[in-house]
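Heads up, the thing below is written out as structure tokens.
The numbers here are math on the coordinates, done by the rules we state, and not lab data. Since we're looking at a predicted model, the values are computed, not measured. In this analysis, Cβ positions are derived from the backbone assuming ideal geometry, glycine residues included, and neighbour counts consider all displayed protein chains.
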Amino acid sequence: MTEKRSYRRLESTKELQRVMTRYYGMSNYFRYWGKPLGRKLAWVTSGAPVELLRVFKIHPVYPEQYGAICGSRKVSGELCQVAEAQGYNQDLCSYARAHIGSILRPDLAPMKGLPKPDLLVACTNICGTVLKWYEALARILQVPLIVIDTPYQPGEVTPQAKQYVLRQLEAAVVELERVTGVRFNEKKLDTIAEKSRQVTTLWREIKDLCAAKPSPLNAPDLFIHMAPIVVLRGTDTGVKYYSLLKKEVEQRVQEGVGALEQEKVRLVWDNIAIWPHLFKFFKMFTERGACFVADTYTGGWAMDFSEGNTMETLATTYTEVFLNRSAQYRARQIIDQIRQFDADGFVMHSNRS
Amino acid sequence: MTRSAVEQLVETASLTGREIMERYPDRQFFGFTCSYWPEELVLAAGMEPLRLFPVNTRAMPPELPSFSCSLARGVLAELKGTGLKKLAGLGQAQTCDTMQCLGSIAQGAFPEQVLELVPPVLLAAPGAREYYHEELKALWQKLLGLSGEAAKEENIAAALNIFQRMRQLVRQVDEMRPRLPSPLVASLLRAGQLMPRQEYVTLLEEAVTALAGYEETGTGKIGILLSGPVLEKDSLYLMIEELGGRVLVDDTCTGTRHYAEDPAEEAGAGRAGSVEGLLEQVARRHLTMPLCPCRHRRLEERSEYLQSQARERGVRGAILVVRKYCEPHAFDAVPVAKALQQQGIKALVLELEGADVGGQERTRLQAFLESLG
Ligand code: SF4
Ligand code: SF4
């Protein structure tokens, strides 16, 4: 007897797969053609101001996302052991260990590892680990490392923090000019930042549509469909993809179609996804009619691009992300989500990675 | 019979925060956890800085996940207990993700008393100095608010002088390391993070004079470089000494690194009693002092610094302590061990739950020291 499905698949998933396959294909293309064509590739953290890189036509690749891929393909364990054999402690972040393992043993790694970068760009707004992780990468690969220090904001974002980040972004521009040999073009940055604003706005609007009852999306949908928001900010492809997804989600709302066959309980999810068991884990909830109508994690990329000169906007936007804020701020955010999405409860996932 | 200054310092180093506060009931103590906390500001604002150490490293306060380091867990347990109720406040300098969470939790529990300071992570980044200056300025106002004191030039000048003298004396003690038992030096230095600073300087002056004639030689001892986070007890130093080693370079948060300053910067430091001078001085020291793994100036700076320290002091082995679940120190242990090994110095990475060592560590340390010959 076949098990009754309690979960609806989104049509856009096919396009998502196409978009992401193209993105990884493109990354792979850099492996062979980057050098002869003089195009650079950077490994960047998920919260880095990637708009700046795009001005210089630098292709960004995301080790964190790769860490998640290793997790979902269930090869993290083996790759982590490779890193551990080199002295990396087994309590260190498993994304970092798996990724370091993939550099040392590409034969064990999905896609034979990520294409080697010409430079590394880390922004501390998501956690302190990335500084140490990227330092390790810079040592292994012997390529330039740009770190943007976005000071943790215990309260409101301070003017001195904005100014400090701005100064670093300006210095990063000089370094990027040096690495690529290309002159910085402010107009181009404006255009790219505008696309980022559109992408993040669309993403926020999609997430907001889940206030409908039943909710058109469940957290695993958001986790899966967040891939382009991480890798395609500042691109037309990103804008196009999220316009398509938004249409489908809007249609679900108009037709009263929910993510689940029958939504009985509305929940909010806090923290990162459990990548190796994404659907298996959430099945426990979907089978009981519990839908995660909102989450904090994917909201990290639903940023509000503030007004003003683009460099200032980037400095502020990337400093005020929720991961760079206090527990009080984050608790308020969950409370607001519970209210906005009329949730019955929330689940906090304590994650070691 | 009056006890010598050395005895008094060693005894003080074994006290808990609560016991220190009981011993000096007329003082207003202000707690802090990280070596990047600007103690000078606390003293100039009329309070006594008191470094908080975990008393129970097995404590598991529910607010923090069990996979947080025992320093954070133990300090939180202390804060929640009654022992530290009398603290005028708590200062959290942003260090690692764990401490960031601890700061937030404490902030939620004692909103009026917890002051957070976010020093730059990239100490040499453009704009870092200006940013940090503003951060310190805001903190200074909050400290005055807590202590209820007004900014006084004489207090500022006195605080700067006390810390300058203290660091000079610690340098002298550090120079004496080859002749002094390692646990003794560890205690002398830790006492300076606990007791009122003026009293500490007075006792340390006396202790340094007394120790100048100390005869015990370290002949035959194996010189060790010790690097790591906070070590709130002498247990490891004692074991190293018992097994024939001697710590000649102490790059721990409670050891020499806590007091270190770039000699070039120290020479240029003004002794002015103005608020601006005070903030300048603190910022300058923090931006230039030897790195801890949570900060960055240049990729290989920390490894190179430890290599040069090892060379200068002629150490034969290095012990790199990692507190269980501590990411910054665990990450750094890899390149630091490699750099030292390239220099012919064997390195042992020792993971500890807290600062206590037991039978398991003894076996490893013994094998390690024997391998150094
Ligand atoms: S390791 Fe650095 S940040 Fe952590 S307590 Fe020590 S000095 Fe502070
Ligand atoms: S020991 Fe490590 S994890 Fe713990 S507070 Fe210090 S730097 Fe953070």
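General remarks:
- Residue (of B:Gly220, B:Cys294, B:Tyr132) at the positive-pole extreme of chain B, dipole from beta-carbon charges: B:Gly220
- Helical contribution to [θ] at 222 nm, DSSP H n ≥ 4, -39,500 (n - 2.57), averaged over chain B, rounded to 500: -16000 deg cm²/dmol
- The local environment of B:Thr219, defined by Cβ-Cβ distances under 11 Å, has a net charge of +2 under the rule Lys, Arg +1 and Asp, Glu -1.
- Among the trypsin sites (Lys or Arg not before Pro) within segment B:70-108, those in coil by DSSP and having at most 11 neighbouring Cβ atoms inside 10 Å are B:Lys85.
- Note on segment A:13-348: percent of Cα-Cα distances in each 20 Å bin, starting at 0 and stopping at the bin with the largest distance, equals 30, 60, 10.
- Directionally averaged projected area (convex hull, Cα atoms, segment A:96-238), nm²: 11.6 nm²
- Exposed-site-free run, longest, chain B (rule: GluC sites (Glu not before Pro); DSSP loop; at most 12 other C-beta within 10 Å): B:217-373
- Along each principal axis, Cα extent of segment B:156-372, largest first, Å: 53, 41, 30
- A straight line joining the Cα centroids of segment A:123-153 and segment B:307-321 runs 27 Å.
- Karplus-based coupling profile of segment A:35-51, in residue order and whole Hz: 4, x, 8, x, 9, 9, 10, 10, 8, 9, 7, 5, x, 7, x, 5, 4, with θ = phi - 60° in 6.51 cos²θ - 1.76 cosθ + 1.60 and x standing for Gly or Pro.
- Average other protein chain Cβ within 10 Å of Cβ, residues B:91-102: 3
- Fewest-first ranking of B:Leu306, B:Leu291, A:Leu53, using other Cβ atoms within 10 Å as the exposure measure: B:Leu291, A:Leu53, B:Leu306
- With a threshold of 26 Å on the Cα-Cα distance, the over-threshold entries among A:Lys162/B:Lys152; A:Lys57/A:Lys112; A:Lys188/B:Lys137; B:Lys80/B:Lys142; A:Lys14/A:Lys40 are A:Lys162/B:Lys152; A:Lys188/B:Lys137; A:Lys14/A:Lys40.
- On a per residue basis, the convex hull of the C-alpha atoms belonging to segment B:121-182 measures out at 160 Å³.
- In chain A, the longest principal axis of the Cα atoms and the axis of helix A:63-72 are about 40 degrees apart.
- ³J(HN,Hα) computed for each position of segment B:114-126 - Karplus, 6.51 cos²θ - 1.76 cosθ + 1.60, integer Hz, glycine/proline x: 9, 10, 10, 10, 10, x, x, 7, 8, 5, 10, 5, x
- Residue order, fewest to most surrounding Cβ atoms within 10 angstrom, among A:Asp236, B:Asp262, A:Asp221: A:Asp236, B:Asp262, A:Asp221
- Cα-centred dipole magnitude for the protein assembly as shown, charges only on beta-carbon of K, R (+1) and D, E (-1), debye, nearest 20: 2560 debye
- Hydrodynamic radius of segment B:46-173 per Kirkwood, over alpha carbon pairs, in Å: 16.7 Å
- Å³ per residue enclosed by the Cα convex hull of segment B:2-116: 116 Å³
- Residue order, fewest to most surrounding Cβ atoms within 10 angstrom, among A:Tyr7, A:Tyr241: A:Tyr7, A:Tyr241
- Listed by chain and number, the aspartates and glutamates placed with their C-alpha closer than 17 angstrom to that of A:Lys247 are A:Glu11, A:Glu15, A:Glu205, A:Asp208, A:Asp221, A:Asp236, A:Glu255; residues fewer than eight positions away on the same chain are left out.
- Structure-based [θ]222 nm, chain A - -39500 (n - 2.57) summed over DSSP H runs of at least 4, per residue, nearest 500: -17000 deg cm²/dmol
- For B:Glu48, the residues whose modelled amide H falls within less than 5 Å of its own, excluding neighbours fewer than 5 places apart on the same chain, are B:Gln28, B:Phe29, B:Phe30.
- Overall dimensions of the protein assembly as shown, expressed as equivalent-ellipsoid semi-axes from the Cα gyration tensor (√(5λ), whole Å, largest first), are 47, 28, 26.
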